[in-house]
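Q: I'd like to ask you about the structure that follows.
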Amino acid sequence: MKLAMIGFGQAGGKIVDKFVEYDRGTGANVVRSAIAVNTAKADLAGLEHVPERNRVLIGQARVKGHGVGADNELGAEIAEEDIDEIQGALDDVAVHEIDAFLVVAGMGGGTGSGGAPVLASHLKRIYTEPVYGLGVLPAEDEGGIYTLNAARSFKTFVDEVDNLLVFDNDAWRETGESVRGGYDRINDEIVRRFGILFSAGEVREGEAVGESVVDSSEIINTLSCGGISTVGYATEEVETAGGGGLLGRFSEDDLDATETTNRITSLVRKAALGRLTLPCEVRSTDRSLVVVSGPQDHLNRKGIERGRQWLENETASMEVRGGDYPLDDTDHVAAVTLLSGVTDVPRVEELQDVAVEAQDNIADIEDESDENLESLIRDDGDELEALF
């Protein structure tokens, strides 16, 4: 899958920056173009892997490079006003070499949550390639304004992209860790899961080709149902057949027939039923895809087919695609499941309920504040005259 990635806002820029680092480290060559857009100059300066020429500062006339202060209405307005500056960076994208655009943004702040839907709408109007979103939901304890921003951005973003891939910070926060450490770990999780998904099928020189290759068309068809998607991931360390561990007691044929089949089926189950990027009821999935990666000796068609059949039964969907992705430089077998078009998502329903309550509270607080100000600054008729 060849992608043009655009990180919008602080979180979006950092995630795209990590994607570029991951892509270079694995040699997958998935990220054909990486762009970061922000209203805060300091956030762009902190990036390490996105080329400086592709770091676009917008809104200078209005916010002077200091960000929008979690005001996503202002973020959307600035994105609309400065869309030509963003397009200037997009003009350098070799569109004929990419399969899709991926717009990445944190949905709780101001710049990304406001600007990402604007950019997605613009991309769909200009280009014929699919436009996907990768939205990161804030944790519950980040505050009411961030929840309200996320709910409003989510509602808009999902309508402007061909599919919205979602990562929920709330499901991944761990107690006792620092803010920076927490976000770094979460960003690593995002890049690992989506990186394996998008790099599946990319054949590197001198490496094996999968028996059942998952290419970009498989991913595009899985995402073409629209709506929102979530990704599961499970991994397990393996030993070589000639080693001294458990697997050393099996011949290669026995290994293929027993251990690899059972391992792959188990990993697919763990990936789908375990920690998803957005927790959901798996049975509400419209379409799905499973990719199993690892050393070629530990991958077999029977195991992958069993895993695919299990996922088909679990999701009650006829559209379940699957394949393998051999990797020579790893001692782990991993399964990635893409669940597309999910509809039973308690977190999204909860997010919207909390946002509505926050919106009502904000209106009440503003009304009360106006009343208190009026009572403080009394109108005493002719006793005290205003300056003008």
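Q: If you put +1 on each Lys and Arg Cβ and -1 on each Asp and Glu Cβ, how big is the dipole of region 1-98 around its Cα centre, in Debye rounded to 20?
A: Values: 10 positive and 17 negative charges, 84 e Å.
Dipole about the Cα centre, nearest 20: 400 debye.
Q: Could I ask something else about it? Which lysines have a Cα less than 24 Å from the Cα of Lys302, not counting those fewer than 8 places away in the same chain?
A: By straight Cα distance, Lys302 reaches Lys270.
Q: Still on this model: Given the options Gly69, Thr26, Ile98, identify the residue whose Cα lies farthest towards the positive end of the charge dipole of region 1-132 (+1 on Cβ of Lys, Arg; -1 on Cβ of Asp, Glu).
A: Thr26
Q: What does the highest-first list of 42-51, 96-105 look like by mean Cβ count within 10 Å? Provide the component values of the computation, followed by the final result.
A: Working: 42-51: 16.2, 96-105: 22.3.
My ranking of the peptides, most packed first, is 96-105, 42-51.
Q: Oh, and also: Need the list of lysines near Lys18 for cross-linking: C-alpha distance under 21 angstrom, and skip anything on the same chain fewer than eight residues off.
A: Lys2, Lys41
Q: What distance in nm lies between label points placed 7 Å from Cα along the C-beta direction at Arg173 and Asp91?
A: Spacing of the two 7 Å Cα→Cβ label points: 4.3 nm.
Q: Now a separate question. In region 271-345, which GluC sites (Glu not before Pro) fall in coil by DSSP and have 15 or fewer other Cβ atoms within 10 Å? The partial results should precede the final answer.
A: Details: sites: Glu281, Glu305, Glu312, Glu314, Glu319; in loops: Glu281, Glu319.
The qualifying sites are Glu281.
Q: Suppose every Lys and Arg Cβ carries +1 and every Asp and Glu Cβ carries -1, with no other charges. What dipole size does region 133-190 come out with about its Cα centre, to the nearest 20 debye?
A: 160 debye
Q: Charges on Cβ only, +1 for Lys and Arg, -1 for Asp and Glu, centred on the Cα centroid of region 260-341; of Val268, Asn313, Thr330, which one is farthest towards the dipole's positive end?
A: Value: Asn313.
Q: Can I ask one more? Give, rounded to the nearest 20 debye, the magnitude of the charge dipole that region 45-121 has about its Cα centre when Lys and Arg contribute +1 at Cβ and Asp and Glu contribute -1 at Cβ.
A: 280 debye
Q: For the residue pair Lys302 and Ala42, what label-to-label distance in nm results when each label sits 7 Å from Cα along the Cα-to-beta-carbon direction?
A: About 6.0 nm, to one decimal.
Q: A further question follows. Each label point is 7 Å from the Cα along the Cα-to-Cβ direction; what then is the distance between the points at Glu312 and Ala386, in nm?
A: For Glu312 paired with Ala386, the spin-label model returns 7.4 nm.
Read-outs: derived from the displayed coordinates by stated rules, not from any lab. None of these values were measured; they are calculated from a predicted model. Virtual Cβ from ideal backbone geometry, glycine too; neighbours counted across all protein chains shown.
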